[in-house]
Amino acid sequence: MSHFIKHNHTPFPDTLLREAEGLESLRAGLRQAGVREIRLPEIYAADHDRLTLTRIDAAPASEATLVMLGEGLAGLHAIPQDQYGGSNDNYIGLSPQPNTLSSSWGDFFVEHRLGYQVGRIKNSALRGEFQKTLDACGDRLAQWLDRHCEHPSLLHGDLWSGNVLFDRHQPWLIDPAVYRGDREADLAMTEMFGGFGQAFYDAYDRRNSRTEVYPLKRSVYNLYHYLNHYNLFGGGYLGGCEQGIGAIEALVGRP
């Protein structure tokens, strides 16, 4: 099988090393879960400048490979992990992603996902407005998320359609931003840019059904990604940020 060489064009010297670490974490997690439906590229070499991986001969997704992705991801998510977060900081796209180990999913998500990205907003007025909502709602949001999270799951962390490839036989996961969290955070991001098709979601639900509050969680979890995209690419993502902030404000009064 031929190789694909990825070069580090970011300002962060360890980004490819953290990517390689994430791929190996997912490989171990899939092995632990007995998942054979999903593949990961082999790592042939990794340093600060280059990451040498398996070259994937990509093909359009079929219903069969979408089912494999759904079943395999559900199997990965079903294995309880010890804690939320991660031992090492890593990256999501072109942004740092801070990690720490935590016994509270809600606290981790509010502080190290939403709070971190809000703190990166350059517009001081907008940053202050969003921070005011987190200050007022963050504790209740964290408690709500804790009540509605089953256990820590190993997450891909950046699971949009561009980070899943398909060959003629199986799906492949690439470019992870791995940490441990609520499994539905991975699922929420799959819907942010169009989704994977109903066959994927049906297969996932047959093996590990989404919770009744998933539609509410989806807006909260995708706020992290909208904030990240806003900080990286600008105002085209502001509407998604505002929608997510509004979802939090509406949610915290719920049981």
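The values are calculated or read from the model by the stated rules, or taken from the named source; none is laboratory data. Since the model is a prediction, treat every value here as computed from it, not as a measurement. Positions of Cβ are backbone-derived with ideal geometry, glycine not excepted, and every protein chain shown enters the neighbour counts.
Hey, can you tell me all the residues within segment 10-31 that are within 13 Å of Asn88 (Cα to Cα) and either touching a Phe, Trp or Tyr at 6+ places or on another chain (Cβ under 8 Å) or of a type in the set (Lys, Arg) (or both)?
Across segment 10-31, the qualifying residues are Thr15, Arg18, Glu19.
Whether any residue in segment 181-188 is over 22 Å from Leu216 (Cα atoms) and buried (at least 18 other Cβ atoms within 10 Å of the Cβ) is what I want to check.
Checked segment 181-188: no residue is over 22 Å from Leu216 (Cα atoms) and buried (at least 18 other Cβ atoms within 10 Å of the Cβ).
Taking the conditions exactly as written (within 18 Å of Trp144 (Cβ to Cβ), touching a residue at least 60 places away in the same chain (Cβ under 8 Å) and touching a His at 6+ places or on another chain (Cβ under 6 Å)), does Val220 satisfy them or not?
No; evaluated as a whole, the condition is false for this residue.
Run down Trp160, Trp144 and say which single residue is aromatic (Phe, Trp, Tyr), under 19 Å from the mean Cα position of the chain (by Cα) and either over 13 Å from Leu227 (Cβ atoms) or modelled with pLDDT of 95 or more (or both).
Just one listed residue meets the conditions, Trp160.
When segment 217-239 is examined, which residues are found to be buried (at least 17 other Cβ atoms within 10 Å of the Cβ), of a type outside the set (Ser, Thr, Tyr) and either modelled with pLDDT under 95 or farther than 14 Å from Gln117 by Cα (or both)?
Lys217, Arg218
Consider Asn208 against the criteria (1) in contact with a His (Cβ under 7 Å, 6 or more places away or on another chain); (2) under 21 Å from Arg18 (Cα atoms); (3) not aromatic (Phe, Trp, Tyr): it satisfies all of them except one. Which criterion is unmet?
(2)
State whether one or more residues within segment 19-34 are touching a Ser or Thr at 6+ places or on another chain (Cβ under 7 Å) and free of Cβ contacts under 8 Å to residues at least 60 places away in the same chain.
Scanning segment 19-34, I find no residue that is touching a Ser or Thr at 6+ places or on another chain (Cβ under 7 Å) and free of Cβ contacts under 8 Å to residues at least 60 places away in the same chain, so the answer is no.
All but one of (1) of a type in the set (Phe, Trp, Tyr); (2) within 19 Å of Gly240 (Cβ to Cβ); (3) in contact with a strand residue (DSSP E or B) (Cβ under 7 Å, 6 or more places away or on another chain) hold for Tyr116, so report the exception by its number.
Only one criterion in (1) of a type in the set (Phe, Trp, Tyr); (2) within 19 Å of Gly240 (Cβ to Cβ); (3) in contact with a strand residue (DSSP E or B) (Cβ under 7 Å, 6 or more places away or on another chain) is unmet by Tyr116, namely (3).
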